[in-house]
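Here, each number is a calculation from the coordinates, and none is a lab measurement. Here the structure is a predicted model, which is why all the values come from computation and not from measurement. Ideal geometry is used to build each Cβ from the backbone, glycine not excepted, and the neighbour counts take in all protein chains shown.
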Amino acid sequence: MIHALLSAWDWLLSLTGANFEGGRVYGFWSGFAGSNIAMLGGIWLYLRHSNCIKQRCWRVGRHKTAAGHPVCKHHNPELRGRSGLSGDEIDAAHEAAKARK
């Protein structure tokens, strides 16, 4: 039982980089914490860049307004009150795009 706990503790220390790799603090910050902070920061920046331009709206801005601002379907003036495009509108847009090429 004690051996299993020590093995699990050693595994956790190795995973986090805190098993005396130049000191506990150095191993932790240069390994586990440093990489995770960078990854979480990158995810936060991506979501912040691609969210709706409306203040305090957390939704992803997948639509563009005429001015080029990214907005969600709830704040897009052209889609407000609609659940999305109908099948006929999608087919018409597809045919128009094929005709332009």
In whole Å, largest first, the alpha carbons of the chain cover along the principal axes 69, 31, 29
Students often forget the sequence filter, so: which lysines lie under 21 Å Cα-Cα from Lys64 once same-chain residues fewer than 8 apart are removed? Lys54, Lys73
Whose amide H sits under 5 Å from the amide H of Asn51, counting only residues 5 or more places off or on another chain, with H placed in the peptide plane? Gly61
Per the Kirkwood formula over distinct C-alpha pairs, the hydrodynamic radius of segment 1-50 in angstrom is 12.3
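Going by C-beta contacts inside 10 Å, put Lys54, Lys98, Lys64 in order with the fewest on the left. Mind showing how you got there, number by number?
Working: Lys54 16, Lys98 8, Lys64 11.
Exposure proxy ranking, most exposed first: Lys98, Lys64, Lys54.
Taking only C-alpha pairs under 8 Å that are 6+ residues apart, what is the relative contact order of the chain in percent?
It rounds to 11 percent for the chain.
As a test of the formula, what do you get for the chain when each DSSP H run with n ≥ 4 contributes -39,500 (n - 2.57) and the sum is divided by the residue count, at 222 nm and rounded to the nearest 500 deg cm²/dmol? Could the numbers behind the result be given before it?
Numbers: 4 runs with 55 residues, N = 101.
-17500 deg cm²/dmol, from helical runs alone.
Would you list Cys72, Cys52, Cys57 from fewest to most Cβ contacts within 10 Å? List each step's numbers first, then the result.
Values: Cys72 18, Cys52 21, Cys57 14.
Listing Cys72, Cys52, Cys57 from fewest to most nearby Cβ atoms yields Cys57, Cys72, Cys52.
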Cβ-based charge dipole, the chain, positive-most Cα from Ala8, Leu40, Tyr26: Leu40
Taking Cβ-Cβ under 4.7 Å as the only way to count a partner, pick out the unpartnered cysteines of the chain. none
